[in-house]
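Readers should treat all values here as calculations from the given coordinates under stated rules, not as data from a laboratory. All figures in this text were calculated on a predicted structure; none of them were measured in a lab. Don't worry about glycine lacking a Cβ; one is built from the backbone with ideal geometry, like all the others, and counts go over all protein chains shown.
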Amino acid sequence: MSNAEKCMTNNCTTTECTTCTPNMDTQAVLDWMATEEYKEKNFAREALVINAPRTCQPYGAMLCALGIEGCLPFLHGSQGCAAYFRSALTRHVREPVPMVSDSMTEDAAVFGGQANLIEGLKNAYTTYKPSIIAMFSSCMAEVIGDDMKSFIINARTQGAIPEDFPIAYANTPSFVGSHITGYDNMLKGLLNSLADTRNGKWTNGRLYVVPGFDLYAGNLREYKRMIKAMGIYMTMLPDPTEVLDSPNTGEYKMYQPGTSMGELADALNASGFLFLQKYATMASQKFVKNVQKITSEAVTMPIGVQNTDAFLMTLQQMTGKAIPAELEAERGRAVDAAIDAHQYIHGKRFALYGDPDLLIGLVGFLLEMGTMPVHILCGNGSEAFRKEMEGLLAASPFGSEGKVYVGKDLWHMRSLLLTDPVDMLIGDTHGKQIAKDANVPLARIGYFMTDRVHLHRQPIIGYQGTINLITMLANMFIDEYDRNCPSERFEMLR
Ligand code: SF4
C-alpha cells in the first residue's frame, strides 16, 4: 500500500504529518511527467483531448449572429449547449448574451427536431420580438440529419412566423472544425439568406470589413477608428462591438446596435470586402470573391508594427485613400514604445497557443520585438496555417527555435513547457494550470479570459494595440524580476 493510500485509509486529516506532504509516490509521478519519456507518450496520445484550446462550431455562429442589429441567435439543438455558449461568452465579457434554443431532447433525437423548431420559432418570435433570427445547429441535430431549410419553410406555412420574417440559417456540425468554422458558416449563411442579389457593376461605395472571430471589443473599436481616420466609408460585418461591451444605463436591452439589416441586405453591392482574419473566414472569402466576384482582400491580423503597416497599406490600395498624419504619429509612438521596452523583452523565449489568425499576428509581433517564439500550438489550425507559420519563423533569425504544433491540446503544451522551458506563456485563461505547473508567467491574450477583468476592452491590434502588448509583456517581466530578485538588486529603477 502506498503512503497516500495508507493516509486515506486512516482518514488522516492532520496538517502536520509529513508522510504524504509531499507524497513521494505522487512526487515521483509528477517528476516523471516532466520528462522527455512522458512527453513522447503524451504526444502519441490519439483517443483523448485534454484541455482543448478551442470550442465547437455553434459558439462561433452565435458570435457572428450577435453582430447583426436586432438579431436573435437560435440554436436548433439542446438547451445545455445554448446555456454553455451564453455563459462562456458572458464570463469573458461580463455582459448578458441573448440566445435561444428549441431544447431538443430524447424524443427529438428519435423522431427529428421539426416540432421543436417550429414551436421554438413561434415562441422566440412572439416573446423576444427580434428583427431577424439567425439559426444554427448543434451536433445532435446534425447527427440525426435535420433539414433546417425545410423545417423553416414548414414553420412559415404553418403560421408560426410571418411568411416574410427574415431568418438566416447555417449548418454548424460540432464534430467538424471549431468555433472559427461556425463563425464562417454563419456569415456565409447570413449573406446567402438575407443579402440582396448583386446589382451588376454598381456598388454602394462601402468597404465591408469582416473582423472574424474576435472577442476583443477594443479591437473592433480600434479597427473602426483607424479606418474612419482614413476617411473610408465602411460597414463592419458582423459588428458585435456593443454586445461585447455595452454601456450600463440601468436598463436591460436585449438587442444592442450592430450591423443594420439594411447594410446586411446591401452587402453584395459593396465596393470591396476586407477580411481581417483569413483562417476564420475561408468559406465566406470564397463566396464573396469567387461566387459574387467582389473585390476582396484578406490580411494578417494587424498585431505589431509590420502587420499594422500591411493592414493600412491594403486599405490604401483598396480605396485610394491616404494614410493620415494621425496614424503615422501613432506608428511613431509604437516604434518608440518598442525601443523603450526592448531591453526587457529582447531574447526572451515564448510559448503560445490560440486561434490560427491570432497566432500568425502575435508571432509576427514577437519576432519584430526580437523575442523567440519556441512552442506555437494551434488546436484548430490547418496545414496551410502550419506552412504559413513555418515560413514566418524561417524568415527571421529569431524564429530558428520555433516549432509549430497543429491539432494539439494544452496537456501537450504542458509537456513542452516542462521539458523545454520558456520565459513566458501567452494564451487564454485555460492555460493557467499548466503555467502554474511549469512556474511560468501567463500573459493573458486570446479568448476566453474568465479570470481577469476588462482585458477584452483594450485593443491588441493596430499601433495602439501594439503599445498595449509591449506594455503588458515588459511590465510582466519586470514584475517577475522584482518578485524573485535578491534584495541587493531590488531597486527603484528598472
Ligand atoms: S460539442 Fe455538441 S454537445 Fe457539445 S456544446 Fe457543442 S454542440 Fe453542444
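Give the order of His454, His92 when sorted by the count of other beta carbons within 10 angstrom, beginning with the fewest. Spell out each step's value before the answer.
Working: His454 12, His92 21.
Going from sparsest to densest Cβ surroundings: His454, His92.
Assuming R0 = 60 Å, can you tell me the calculated FRET efficiency for the pair Glu36 and Ala325, based on Cβ-Cβ distance, to the nearest 0.05? Kindly include the intermediate steps, with their values, before the conclusion.
Numbers: r = 54 Å, r/R0 = 0.91.
It comes to 0.65.
What distance in nm separates the two pseudo spin-label positions at Ser87 and Glu163, each 7 Å out from Cα along the beta-carbon direction?
Calculated label separation equals 4.3 nm.
If R0 is 45 Å, what FRET efficiency do you get for Thr249 and Phe111 from their C-beta distance, rounded to 0.05? Write down the numbers at each step before the final one.
Values: r = 45 Å, r/R0 = 0.99.
After rounding, the FRET efficiency stands at 0.50.
Shape of the range 422-488 from its Cα gyration tensor (a ≥ b ≥ c, root eigenvalues): rounded if a/c is under 1.5, otherwise prolate when a/b > b/c, or oblate?
Numbers: a/c = 2.35, a/b = 1.30, b/c = 1.81.
It comes out oblate by the Cα gyration axes.
If we count every other residue with Cβ under 11 angstrom of Phe287's Cβ, Lys/Arg +1 and Asp/Glu -1, where does the sum land?
On the way: positive: Lys188, Lys286, Lys289, Lys293; negative: Asp184.
With Lys, Arg at +1 and Asp, Glu at -1, the net is +3.
Under a point spin-label approximation (7 Å from Cα along Cα-to-Cβ), what is the His454-Glu480 distance to one decimal in nm?
Those two pseudo-labels are separated by 2.5 nm.
Add -39500 (n - 2.57) for each DSSP H run of 4 or more in the chain, then divide by its residues: what number comes out at 222 nm, to the nearest 500 deg cm²/dmol? Walk me through the intermediate numbers first.
Numbers: 21 runs with 228 residues, N = 494.
Here the helix-only value at 222 nm equals -14000 deg cm²/dmol.
What ranking do Val209, Val29 get, fewest neighbouring Cβ atoms within 10 angstrom at the top? Mind showing how you got there, number by number?
Values: Val209 22, Val29 11.
In order of increasing Cβ crowding within 10 Å: Val29, Val209.
Would you please put 413-426, 478-491 in order of how densely packed they are, using the mean number of other Cβ atoms within 10 angstrom per residue and starting with the highest?
Details: 413-426: 21.5, 478-491: 9.9.
Highest-to-lowest ranking by the protection proxy: 413-426, 478-491.
Could you check the simple spin-label distance between Ala28 and Tyr128, using points 7 Å along Cα→Cβ, in nm with one decimal?
5.6 nm
If amide H atoms are built 1.01 Å from N in the plane of the peptide, which residues on other chains or at least 5 residues away come under 5 Å of the amide H of Thr235?
Leu207, Tyr208, Val209
Mind scanning Lys228/Lys278; Lys408/Lys436; Lys201/Lys321; Lys286/Lys321 and naming the pairs with a C-alpha gap bigger than 24 Å? Don't jump to the answer; show the numbers that get you there.
Values: Lys228/Lys278 22 Å; Lys408/Lys436 20 Å; Lys201/Lys321 21 Å; Lys286/Lys321 26 Å.
Correct reply: Lys286/Lys321.
For a quick check: sort Lys129, Lys289 by the number of other beta carbons within 10 angstrom, fewest at the front.
Numbers: Lys129 11, Lys289 16.
Fewest-to-most ranking of Lys129, Lys289: Lys129, Lys289.
Rounded to the nearest Å, what's the spacing between the alpha carbon centres of the range 231-264 and the range 143-189? Just the number, please.
So the two Cα centres are separated by 23 Å.
Tell me, what is the Rg over Rh of the chain, with Rh the Kirkwood radius over Cα pairs?
Values: Rg = 24.7 Å, Rh = 24.5 Å.
A ratio of 1.01.
Want the number for Glu46 to Ala265: 0.36 nm per residue separation, take away the alpha-carbon distance, what's left?
74.3 nm
For the ranges 213-225, 43-55, what's the packing order if you count other beta-carbon atoms within 10 Å of each residue, average per peptide, and put the highest first?
Details: 213-225: 22.3, 43-55: 13.5.
Per-residue Cβ counts within 10 Å, averaged per peptide and sorted highest first, yield 213-225, 43-55.
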